[in-house]
Each structure stands twice: as structure tokens, then as C-alpha cells.
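Trainee: I have a structure I would like to understand better, so I am pasting it below and will then ask my questions one at a time.
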Amino acid sequence: QVRLVESGGGLVQPGGSLRLSCKASGTTFKFSDMSWHRQTPEKGRELVAEIPSWGSGGATQYSHFAEGRFTISRDDAREMVYLQMDNLKPEDTAVYFCHLARPFTIPPLDVWGQGLSVTVTV
């Protein structure tokens with residue numbers, strides 16, 4: 001069974017930083033496309049950043065609000081994906097989810113973490 005376990009959320013002041021971590025298990029991690037998403041009642045769930053699997057030839061992508069402030073990275077040996085969030089703003093307050101995708105396996109994999117609360121407030 002594929003599992004994602006997230007850690008690192010919490011409360012931070014505007015301008016502060018947080019690092020979210022996500023540990024995967026149960027599949028060949030380096031062949032998995034990984035991403036972070038966030039969800040609020042107002043906007044629903046939206047993509048934050050994505051990092052492609054090893055050898056896919058794809059590129060790391062960021063949503064406009066994350067560009068220049070957030071950095072997604074992965075450690076295939078540790079089966080981890082990270083989201084470094086700097087210069088946080090109150091509008092970054094959301095529940096953040098780690099996501100794993102392997103669309104070409106049989107069956108395709110589409111797995112979500114449990115979600116991490118991030119609150120940016122004075």
C-alpha cells in the first residue's frame with residue numbers, strides 16, 4: 001500500500017519560513033511524480049508546485065503565487081519530497097497536501113497525504 005506521511009506544518013508570522021516534508025512508502029519513489037497542493041474553503045484545492053520523476057525529462061513547476069518564494073525538492077534515496085516556503089503571507093494559510101502520481105503503472109497511482117495545517121498570522 002502506498003502511503004504519504006507529511007510533517008512540518010504549523011503557525012508562523014508573516015515573512016517567516018516553514019519547511020514541509022513528505023515521506024513516501026510502498027512504491028518506487030524515483031519513478032513517481034510528486035507535488036504539493038493546498039486547500040482553503042474560498043479557493044478549494046490548488047497546485048502549489050510539482051517536481052517530476054527521475055528520467056521523465058519534465059521540469060519543476062510552480063504556481064504563480066509560489067514562484068520566487070517556495071522551493072520544491074526531492075531526495076529519491078530517502079523517498080522524501082520537501083516544500084520550503086519563505087516570505088510567507090497570510091494568504092498562504094491553508095491545508096497543504098503532498099501528492100504522488102504514477103499514471104503509467106497498472107493500476108495508476110494517485111495518492112494524497114493526510115494534509116498539514118499552515119497558518120500565517122501575526
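Trainee: Quick one: with all protein chains in place, what share of the accessible area of the chain is carbon or sulfur, to the nearest percent (1.4 Å probe)?
Mentor: Of the solvent-accessible surface of the chain, carbon and sulfur hold 52 percent.
Trainee: Continuing with this model, one more query. Full-extension gain between LEU11 and THR93, please, as 0.36 nm times their residue separation minus the C-alpha to C-alpha distance.
Mentor: Here the answer is 28.6 nm.
Trainee: Here's a follow-up. Work out from phi, with θ = phi - 60° and the Karplus expression 6.51 cos²θ - 1.76 cosθ + 1.60, the ³J(HN,Hα) of each residue of region 106-122, listed in order in whole Hz, and give x for Gly and Pro.
Mentor: 10, x, x, 9, 8, 10, 10, x, 7, x, 10, 7, 10, 10, 10, 7, 6
Trainee: Evaluate the distance, in nm, between pseudo-label points positioned 7 Å from the Cα of LEU47 and of PHE65 along their respective Cα→Cβ axes.
Mentor: 1.6 nm
Trainee: Tell me, in nm to one decimal, what length is gained between ARG19 and ARG78 on full extension, where the rule is 0.36 nm per residue of separation less the Cα-Cα distance?
Mentor: 19.6 nm
Trainee: I've got another one for you. Which residues make up the longest stretch of the chain clear of GluC sites (Glu not before Pro) that lie in a DSSP loop with no more than 12 other Cβ atoms within 10 Å, not counting the sites?
Mentor: 68-122
Trainee: Roughly how many whole Å is it from the C-alpha centroid of region 56-72 to that of region 1-52?
Mentor: Answer, in whole Å: 13.
Trainee: Using the Karplus curve 6.51 cos²θ - 1.76 cosθ + 1.60 with θ = phi - 60°, work out ³J(HN,Hα) for each residue of region 76-92 in order, rounded to whole Hz, and write x for Gly and Pro.
Mentor: 5, 5, 8, 6, 10, 10, 10, 9, 8, 10, 10, 6, 5, 10, x, 6, 7
Trainee: Mind checking the full-extension length gain between GLN1 and SER56? Use 0.36 nm per residue of separation minus the Cα-Cα distance, one decimal, nm.
Mentor: Once the chain is fully extended between GLN1 and SER56, it gains 17.5 nm.
Trainee: Would you mind counting up the charge near ALA101? Only other residues with Cβ under 14 Å from its Cβ, with Lys and Arg at +1 and Asp and Glu at -1.
Mentor: Combined, the nearby Lys, Arg, Asp and Glu give 0.
Trainee: Is the shape of the chain rounded, prolate or oblate, going by the alpha carbon gyration tensor and its root eigenvalues a ≥ b ≥ c, with a/c under 1.5 for rounded and a/b larger than b/c for prolate?
Mentor: It is prolate, given that a/c is not under 1.5 and a/b is the larger ratio.
Trainee: Only sites in a loop by DSSP and with at most 16 other Cβ atoms within 10 Å count here; which trypsin sites (Lys or Arg not before Pro) in region 26-107 make the cut?
Mentor: LYS43, ARG69, ARG78
Trainee: Normalised by the number of residues in the chain, what is the relative contact order in percent for Cα pairs under 8 Å and 6+ residues apart?
Mentor: Value for the chain: 34 percent.
The values are calculated or read from the model by the stated rules, or taken from the named source; none is laboratory data. Small disclaimer: the values here were computed from a predicted structure and weren't measured. Backbone-built Cβ (ideal geometry, glycine too); neighbour counts: all protein chains shown. Each accessible area value is taken on the protein alone, full model and side chains, heavy atoms only, with ligands, DNA and RNA left out. Shrake-Rupley method; radii C 1.70, N 1.55, O 1.52, S 1.80 Å.
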